[in-house]
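Everything below concerns the one structure shown next.
The values are calculated or read from the model by the stated rules, or taken from the named source; none is laboratory data. Everything numeric here is computed off the predicted structure, so don't read it as measured data. Here the Cβ positions follow ideal geometry from the backbone for every residue, glycine too, while neighbour counts run over all protein chains shown. Side chains are part of the model used for accessible areas, which takes the heavy atoms of the whole protein and leaves out ligands, DNA and RNA. Shrake-Rupley method; radii C 1.70, N 1.55, O 1.52, S 1.80 Å.
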Amino acid sequence: MKGEFDHFMQKEIFEQPEAISSTMRGRLVLDVLGAAERVMLGGMSQFAATIRRSRRIILCGCGTSYNSAIAIRQLFEELTELPVTLELASDVLDRRCPFFRDDTCIFISQSGETADTLKALEYAKAKGALCVGIVNTVGSAISRATDCGVHINAGAEIGVASTKAYTCQIVAMVLVALSLSEDSRSKHTRRDDIMQGLLKLPGCVKECLKMDAILLELAQELKEEHSLLIFGRGFNYATALEGALKVKEVALVHSEGILAGEMKHGPLALVDKHMPIIVVCTNDGSYEKQQSVVQQLKARDGRLILIVSDDDTEMEKTAPDAVILRVPKVEDCLQAVVNIVPLQLLSYHLTVLRGHNCDQPRNLAKSVTVE
Ligand code: UD1
Ligand code: F6R
């Protein structure tokens, strides 16, 4: 089952180019010249008009699935022009959130069986909201209970830490955002850029996987550390959170994903010459702000590891001592799919080097079917 790989987590990280292609297969429709022309989501077409008329869109999930919602929020806001809010499923129930008939709630789940997400779905249904699923497992409880949805078709995910489901959830939701905005003339160019970017995405993820040996080397350097901070913002705030979640859940190292805009409001106090810090600073609308974050972290002697775009020339000048990880540049809203790959590889290697089981991390289960 694991083939040439030592662990399912490793196999599933390396399967991502193929898994992402599967998510898009038959849904990103090409013209005769092979360019992406439009998006066709069989399961959503009947409901698209109702969703466009919603008062707001609520993205809901737990853990990694919730992080994928964070990654996609900005694009949903941009393309649908609707207010988009995020909800952790357990918190929906704790707060008894005000949901309404004219809300669309999108429930994201790899297993489709997570108790908190399923309960939040039942709650939203009882309030009369339209419920949409973004689910990997066909026939699962969430897939069956939603009004409509999209199967991400990532293939079975066995490793407890979610890897390929995360990237495929983001891609599936990009497709949803594109299909909800297909009538918008003003967004034609942006939509077209994203569609052509999607076509290139599996190749860019494959390119990123070639960094495996570099990440093994970095893991060797970091394996005795007790803490790791990861800063991101904008489209890559989710990358920071998801990278930190991977590091803590499998490598059993304390790690915190931090919104870089919050740095001065507390986290900066943790920075000294011993603290390893990863900053996601690929080239998008947040680049200049991230450059300033890097300068400030450097001024406090932080041990910097920077994830930058492959054509970047500025960051290594800003922080000449930093470890630089170069990733392929893609459309800004797709960059999170590429940027998480080095962090998945790093957490995998840290886990193996520290002698832990990455496929069955301590105290965790693949499917959390109790609240
Ligand atoms: C469907 C078929 C696929 C086939 C394709 C051909 C299934 C599961 N999928 O894929 O095998 O190749 O047509 O056109 O038979 N749904 C929910 N909630 C969810 C996820 C999905 O209600 O969380 C619903 C959808 O609204 C849809 C159905 O399940 O009615 C199948 O969804 P999906 O597999 O995403 O649809 P297609 O991509 O059209
Ligand atoms: C992290 C992880 C968990 C799940 C969470 C939701 O790697 O696997 O955080 O993402 O338990 O599970 P699903 O997506 O199955 O609802």
Checklist entry - Which of the residues spanning region 1-32 are away from ligand 1 (no atom under 16 Å from the Cβ) and assigned to a loop (DSSP other than H, G, I, E, B)? => result M1, K2, G3, E4, F5, D6, H7, E15, D31, V32
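Can you tell me which residues in region 223-241 are part of a helix (DSSP H, G or I), open to solvent by less than 10 Å² (accessible area, probe 1.4 Å) and among the aliphatic types (A, V, I, L, M)? Please lay out each step first, then the result.
Quick first cut of region 223-241, residues part of a helix (DSSP H, G or I) only: 234-241.
If we keep only those that are open to solvent by less than 10 Å² (accessible area, probe 1.4 Å) too, we end up with 236, 238-240.
A238, A240 - these are the residues of region 223-241 that are part of a helix (DSSP H, G or I), open to solvent by less than 10 Å² (accessible area, probe 1.4 Å) and among the aliphatic types (A, V, I, L, M).
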Item to check | Count of residues meeting criterion [at pLDDT below 80, among the β-branched types (V, I, T) and more than 19 Å from T137 (Cβ to Cβ)] in region 349-371 | outcome: 0
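Residues that are in a loop (DSSP other than H, G, I, E, B), open to solvent by 20 Å² or more (accessible area, probe 1.4 Å), away from ligand 1 (no atom under 12 Å from the Cβ) and touching a residue at least 40 places away in the same chain (Cβ under 8 Å): does region 147-159 have at least one?
yes
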Item to check | Where a residue in region 104-126 is open to solvent by less than 10 Å² (accessible area, probe 1.4 Å) and its partner, wherever it lies, is at pLDDT 95 or above and of a type in the set (K, R), with Cβ under 8 Å and at least six apart | outcome: T104/R56
Item to check | Counted residues, region 127-150 - those being away from ligand 2 (no atom under 14 Å from the Cβ) and of a type in the set (S, T, Y) | outcome: 0
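Out of region 33-46, which residues are more than 16 Å from ligand 1 (Cβ to nearest atom) and open to solvent by 80 Å² or more (accessible area, probe 1.4 Å)? Even if it seems obvious, please write down each step before you answer.
Our first condition is that a residue be more than 16 Å from ligand 1 (Cβ to nearest atom); within region 33-46, this holds for 33-37.
Residues satisfying the conditions are L33, E37.
When the residues of region 273-300 are narrowed to those that are of a type in the set (D, E, K, R) and out of contact with any Asp or Glu (no Cβ under 6 Å at 6 or more places or on another chain), which ends up surrounded by the most Cβ atoms within 10 Å (Cβ to Cβ)?
K298
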Checklist outcome for this item: If you go through S181, S162, the only one that is open to solvent by less than 20 Å² (accessible area, probe 1.4 Å), within 11 Å of ligand 2 (Cβ to nearest atom) and small (G, A, S) is S162
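Taking A244 as the residue in question, decide whether it is out of contact with any helix residue (DSSP H, G or I) (no Cβ under 7 Å at 6 or more places or on another chain) and open to solvent by less than 10 Å² (accessible area, probe 1.4 Å).
Working: out of contact with any helix residue (DSSP H, G or I) (no Cβ under 7 Å at 6 or more places or on another chain): yes; open to solvent by less than 10 Å² (accessible area, probe 1.4 Å): yes.
It is true that A244 is out of contact with any helix residue (DSSP H, G or I) (no Cβ under 7 Å at 6 or more places or on another chain) and open to solvent by less than 10 Å² (accessible area, probe 1.4 Å).
Among the residues of region 252-266, which ones are assigned to a helix (DSSP H, G or I), buried (at least 17 other Cβ atoms within 10 Å of the Cβ) and within 20 Å of the chain's Cα centre (by Cα)? Working first, answer last.
Of the residues in region 252-266, the ones assigned to a helix (DSSP H, G or I) are 260-265.
Next cut, buried (at least 17 other Cβ atoms within 10 Å of the Cβ) only: 260, 263.
The answer is A260, and nothing else.
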Checklist entry - So R326 clears everything in (1) modelled with pLDDT under 95; (2) in contact with a strand residue (DSSP E or B) (Cβ under 8 Å, 6 or more places away or on another chain) except one condition, right? Which one? => result (1)
